[in-house]
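The values are calculated or read from the model by the stated rules, or taken from the named source; none is laboratory data. Bear in mind the structure is a predicted one, so any value in this text is a computation, not a measurement. Cβ sites come from the backbone with ideal geometry, for glycine too, and all protein chains shown count toward neighbours.
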Amino acid sequence: MRRLLGLGLAFALIVSVQTARAASQSANIVDFSFEPAAISVGVGDSVTWTNTGSAPHTVSSQSDVETFDSGTLGSGGTFTYTFNKTGSFDFQCNVHPRMVGTVTVSSAPAAPAPVAPAAPGMPASGSATQLPLLGLLGAAGALLAAGLVLRRRIAIRHQ
Ligand SMILES: [Cu+2]
């Protein structure tokens with residue numbers, strides 16, 4: 001039962017790590033720059049910027065292809081944008097136009113990449129569950145045999 005729980009937890013952890021990896025990236029807006037300024041994602045991925053500075057900032061695209069504008073983000077404010085087109089998209093802070101960055105979106109979607117290594121991992125975890133089960137069965141059989149032998153010995157002694 002504990003083993004099953006452990007496996008379930010491990011599986012949930014793997015799944016959550018994979019979905020987190022595929023879906024989004026985070027970046028910070030500090031006073032007075034974007035960190036990182038250069039961000040690489042796959043098509044369909046989203047980027048979340050968080051203003052960790054104290055001054056107000058914006059994340060505003062300088063592109064006609066991907067147009068986004070966070071509006072003014074106060075300290076602690078966040079802005080998320082999902083990139084559905086490939087290319088290199090410059091953005092700036094409209095309050096401080098010297099704050100600039102670039103999001104590069106590649107055609108390779110980020111989702112299949114983490115999924116691929118999981119495929120060979122699945123049979124491995126499958127055989128991993130069978131091995132301890134066989135071991136447990138073997139141990140149970142050995143205990144049963146030992147119990148029978150002891151019983152017989154005791155029975156012989158009492159005759
Ligand atoms: Cu700014």
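For the stretch 35-65, which positions are more than 12 Å from residue 93 (Cα to Cα), of a type outside the set (A, V, I, L, M, F, W, C) and assigned to a loop (DSSP other than H, G, I, E, B)?
The answer is 36, 44, 45, 52, 53, 54, 63, 64.
Where residues in the stretch 67-85 are closer than 19 Å to residue 107 by Cβ and surrounded by 14 or more Cβ atoms within 10 Å (Cβ to Cβ), which of them is nearest to the ligand (Cβ to nearest atom)?
Of everything passing the filter in the stretch 67-85, 81 is nearest to the ligand (Cβ to nearest atom).
When the stretch 51-66 is examined, which residues are found to be buried (at least 17 other Cβ atoms within 10 Å of the Cβ) and more than 8 Å from the ligand (Cβ to nearest atom)?
Once the filter is applied, which keeps residues that are buried (at least 17 other Cβ atoms within 10 Å of the Cβ) and more than 8 Å from the ligand (Cβ to nearest atom), the stretch 51-66 yields 51, 59, 60, 61, 66.
Taking the condition of being among the small types (Gly, Ala, Ser) and either part of a strand (DSSP E or B) or not assigned by TED's automatic domain parsing to the domain that holds residue 62 (or both), how many residues in the stretch 77-95 meet it?
Residues in the stretch 77-95 being among the small types (Gly, Ala, Ser) and either part of a strand (DSSP E or B) or not assigned by TED's automatic domain parsing to the domain that holds residue 62 (or both): 2 in total.
In this structure, is residue 46 modelled with pLDDT under 95, more than 13 Å from the ligand (Cβ to nearest atom) and in the same structural domain as residue 96 (by TED's automatic domain parsing)?
no
Going by the structure shown, is residue 27 out of contact with any Leu (no Cβ under 6 Å at 6 or more places or on another chain), in a loop (DSSP other than H, G, I, E, B), assigned by TED's automatic domain parsing to the domain that holds residue 105 and modelled with pLDDT of 95 or more?
no
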